[in-house]
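Below: one structure, written as structure tokens.
The values are calculated or read from the model by the stated rules, or taken from the named source; none is laboratory data. Here the structure is a predicted model, which means the values were calculated and not measured. Counting neighbours? That spans all protein chains shown, and the Cβs are built from the backbone with ideal geometry, glycine included. The protein model used for the area step is the full one, side chains on, heavy atoms only, and it has no ligands, DNA or RNA in it. Shrake-Rupley method; radii C 1.70, N 1.55, O 1.52, S 1.80 Å.
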Amino acid sequence: METYESLLAAVSAEDGTPVIDPATGEAFAHAPRASIDDLERAIEAARAAQPAWAALGDDARRAALSAAADEVEASAEALAQLIAREQGKPLSGPGARFEVGAVVGWLRATIATELEPEVVVDDGQSKATVYYRPIGLVGAIGPWNWPAMIATWQFAPALRMGNAVVMKPSEYTPLSVLATAHLVNRHLPEGLFTVLAGDRELGEAIGSHPAFGKVTFTGSAATGQAIMRASADNLTRLTLELGGNDPGIVLPDVDAKAIAENLFWGAFINTGQTCAALKRLYVHEDVYDDVVRELAAVAGAMPMGPGTDEQNVLGPLTTQQQFDVVDRLVEDAKARGGKVLLGGEPDRSAAGWFYPTTLVEGLDDDADLVREEQFGPALPILKYTDIDDAVERANRGEAGLGASVWSSDPEAARDVAARIEAGSVWINSHGTIHPMAPFGGVKGSGYGLEFGVEGLKAMGVPQVIHG
Ligand code: NAD
């Protein structure tokens, strides 16, 4: 069992890159900095380890990953402390402890998922069966918002399917991912799974390297496109989990008080820094005032502060750049005549990158705060009269990751959901992912599925045996 101090000591490097605590704006540790030579060495080690790992068979691989899940669970508090310090999300609420719970939960769900050979033809004359074989070497590149959880979404199914993995976490949150791998690797063969901390240049090298049969990427759309271009010559398989600008549509039959807390967490989990968070809220005019009042009451009561203080459920933005994005969008909203119902006035002289929980109404759909992914705690609330109009407005823009419909009538909600262009649509909640339900975007939010049996298939290559 690790303590926070022992885990940090195991993964940090004294002469490495400073890692900033977003609650103070000051460095709290240093991360190793991997070179392109380190990448080549990791690839060599992965290539050497992968065939034996694949040959071990599924049961033995599941057993190793199960021991890895127990290992993470035993050091859960240490890992949560590190996430809270590095990424900023609070230990409490749906924060850092919740993230570590998801690491363990997704590992266990990945192990529990069955992937049987599929007999697709068996008519007495012909027989055809689809198998999923290991790809070989999988490259993984991740973001900073849920660093350990998203890393697990990437490495767990890849390893389960018999692959080796070389992973690059975000330069803002390398330690949480290095620490997760440090624990998991106690139960894996040497060289099979390597995490290399580095910046964009290292990511580019992974994206263009012919050794990788697959690259799985979670991050912004622009980077996803860059990886697609860089990998084109190698025809590398890609999973691209990109940004979202998720709409929520509230139908006129809701009980505003009953949905307010789910609306709040749908939008503000991780201080809004969540890919499939509610990023623009369309509310029917009949319930508009009630929904705004109830949501503002919940939002105004949620404490924000350093993630390491137990009483907080909202933390800082992880980076100054993200603070600046949210600040710009809210200032633009004000300049366009948007009315700030809550928040909107950050203390720019205070330490750390805290942006207050903010609700804005009265904007047109072409305001930047509505059109762009804010990835922070500033939610635009928009009124609608006609459901066809609301659906058309919800479907505007490039993104197609998630969406939600809120109603007391699940059937009516499902009818609306079917008309929304998004990979996942939740009813009366938002972003409540499940490890057995496939997750992925459409349109500009990318392609490829994670989780469940589809997620396992995506980490294998299909082979059809005839006969
Ligand atoms: P980002 O694209 O800036 O960076 C992601 C990773 O890509 C980092 O590790 C970075 O070093 C690396 N990178 C940067 N340029 C690269 C290049 N040219 N080639 C290869 N790698 C490169 O994204 P971010 O700011 O870390 O994350 C925020 C974005 O991620 C938001 O848009 C959010 O919606 C999205 N996101 C999506 C999901 C999802 O599941 N769809 C989940 C979480 C976050």
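By the Kirkwood approach, averaging reciprocal distances over each pair of separate Cα atoms, segment 164-210 gets a hydrodynamic radius of 11.2 Å. Using a Förster distance of 41 Å, how high is the FRET efficiency between residue 386 and residue 122, based on the Cβ-Cβ distance and rounded to 0.05? Calculated transfer efficiency: 0.20. Note on residue 447 and residue 130: the model spin-label points, each 7 Å out from Cα along the C-beta direction, lie 1.6 nm apart.
Remind me, relative contact order of segment 34-143 in percent, using alpha carbon pairs under 8 angstrom and six or more residues apart? The value is 24 percent.
Taking label positions 7 Å along the Cα-Cβ direction at both residue 5 and residue 418, the computed distance is 6.1 nm, reported to one decimal.
Using the 1.4 Å probe convention, the accessible area of segment 130-230 works out to 28 Å² per residue with neighbouring protein chains retained. In terms of distances greater than 30 angstrom between alpha carbons, the cross-link table entries 127/443; 257/457; 257/334; 214/443; 383/457 yield 127/443; 257/457; 383/457. Only protein atoms count toward the accessible area here, which uses a 1.4 Å probe; on the chain, the carbon and sulfur part of that area reaches 51 percent. The calculated FRET efficiency for residue 408 paired with residue 320, based on their beta-carbon distance and R0 = 45 Å, is about 0.60. For segment 313-467, the alpha-carbon coordinates run over 70, 41, 27 Å along the three principal axes, in decreasing order. Three principal axis extents of segment 1-154 based on alpha-carbon atoms, in descending order, are 70, 40, 26 Å. Loop-located GluC sites (Glu not before Pro) in segment 223-331 (DSSP state other than H, G, I, E, B) with a sparse environment of at most 12 neighbouring Cβ atoms within 10 Å: 285, 310. Stretching the chain fully between residue 293 and residue 463 yields a gain of 55.6 nm (0.36 nm per residue, less the alpha carbon separation). When the Cα convex hull of segment 259-372 is projected onto planes of every orientation, the mean area is 7.3 nm².
Here the translational diffusion coefficient of segment 62-150 follows from Stokes-Einstein with Rh set to the Kirkwood radius across Cα pairs; for 10 °C and 1.306 mPa s it amounts to 101 µm²/s. The tail of the calculated P(r) for segment 347-409, taken as Cα-Cα distances beyond 16 Å, holds 58 percent of the pairs. Averaged per residue, segment 331-391 has 43 square angstrom of accessible surface, using a 1.4 angstrom probe with ligands and nucleic acids left out. Compactness ratio for segment 160-261: Cα radius of gyration over 2.2 N^0.38 Å (N = residue count) comes to 1.46.
Based on alpha carbons, the Rg and Dmax found for segment 70-209 are 17.5, 63 Å. Phi angles across segment 431-436 convert, under the Karplus curve 6.51 cos²θ - 1.76 cosθ + 1.60 with θ = phi - 60°, into 3J(HN,Hα) values of x, 7, 5, 9, x, 9 Hz, Gly and Pro given as x. Under 5 Å between amide hydrogens, built in the peptide plane, is the criterion, and for residue 360 it picks out 341, 379, 381 among residues at least 5 positions away or on other chains. The amide H of residue 284, built 1.01 Å from its N in the peptide plane, has 250, 384 as neighbours under 5 Å, considering only residues 5 or more places off or on other chains. Expressed as a fraction of 2.2 N^0.38 Å, the C-alpha radius of gyration for segment 307-353 is 1.31. The stretch between residue 366 and residue 396, if pulled fully straight at 0.36 nm per residue, gains 9.8 nm over its current Cα-Cα span. In a DSSP loop and with at most 10 other Cβ atoms within 10 Å, the GluC sites (Glu not before Pro) in segment 1-106 are 14. Here segment 373-434 yields Rg over Rh of 0.94, to two decimals, using C-alpha coordinates and the Kirkwood radius.
Potential lengthening of the chain between residue 348 and residue 14 amounts to 117.2 nm, from the contour at 0.36 nm per residue minus the alpha-carbon distance. For the chain, the equivalent ellipsoid derived from the alpha-carbon gyration tensor has semi-axes of 37, 28, 19 Å in decreasing order. Take the Cβ-Cβ distance between residue 235 and residue 35 as r, set R0 to 41 Å, and report the resulting FRET efficiency rounded to the nearest 0.05. The computed FRET efficiency comes out at 0.95.
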